[in-house]
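What follows is a short report on a single structure.
The values are calculated or read from the model by the stated rules, or taken from the named source; none is laboratory data. These numbers come from a predicted model, not from an experiment. Glycine gets a Cβ as well: all are built from the backbone with ideal geometry, and neighbour counts include every protein chain shown. For accessibility, only protein heavy atoms count, side chains too; no ligands or nucleic acids. Shrake-Rupley method; radii C 1.70, N 1.55, O 1.52, S 1.80 Å.
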Amino acid sequence: MQQITDLSIKRLQIIREALGYEITAFSSKLDYPLYESVETGEREMPGILVMKLMEVFSINPLWLYGKSNKRFLDTSSNTAPKFVVVNEENEEEGILMVNQKASAGYSQNIHEEEWYKELPSMRVPLPNYRNATYRGFQVQGDSMTPNIYPGDWVIGRSVPNIGDLHYGRIHIVVLKDAVIVKQVLLSVNKPNTILLRSTNPEHKDLEVPISDVQELWEMSSKLTFAVGVSKENALRKELQESMKEFMNT
């Protein structure tokens, strides 16, 4: 019992810090004045606090007690890709490349199998790109400068469920009406909502309901033509050459 209690208290601190609250503010948000005494271990965690954590932040009580890996409730939205491309000869999965033109219609055609056949695909011969589904998207706009520039390609690894989301990292977020590249944060003000942040301070944050997210891809790498390519780096040069056809598709 003591081990479970220690774990739940430790996870209280983890989730509070992940949500960006100091102890006093967190206690106030939960409307539970005795919160600090629970996190410091002076009191056992009462049922009313578990209830408030669920009600205010949709925190999964099973996660608090080490019985689940999902921190939040109501996060069952399936964000896995609707279609993948597999090479018929070697049965290896390719990386579909969605250029700026195709990106405009991606959300609307996400369930249309025939539409995907028009997209080019590529294979990256590196171990990092095995045992997972990846997709490439060409970036539009300057909201992620100076990290990512218009025309750059971002390669994302599929996040099959919102519960698997790594908050704070850059993702390709496929909404019902757009495909955008943003840093994904937890929305403090609204439950079951994510906060999308640009690295360019001229762009405002966006709050998006989880239910509006169709697919989610965690950025793993990018391909850019804003810098020169070393002649000694054969792999990078090969990738640059192979991407030219996608630029013109």
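Things to note:
- Whole-Å distance, taken between Cα centres, linking the range 36-74 and the range 11-26: 11 Å
- Label-reachable residues, the range 178-216, where backbone N falls under 12 Å from a point 7 Å from ASP31's Cα toward its Cβ: none
- ASP164 exposes around 80 Å² of accessible area when a 1.4 Å probe is run over every protein chain in place.
- Across the cross-link table entries LYS190/LYS222; LYS52/LYS190; LYS117/LYS182; LYS117/LYS176; LYS10/LYS67, which are compared at the Cα atoms, the separations over 23 Å belong to LYS190/LYS222; LYS117/LYS182.
- Modelled this way, with points 7 Å down the Cα-to-C-beta line, the labels at GLU202 and ALA80 are 4.1 nm from one another.
- Compactness of the range 69-177 - radius of gyration and Dmax, Cα, Å: 14.7, 42
- Accessible area per residue (1.4 Å probe, heavy atoms of protein chains only) ranks ILE194, ILE180 as ILE180, ILE194, with the largest value leading.
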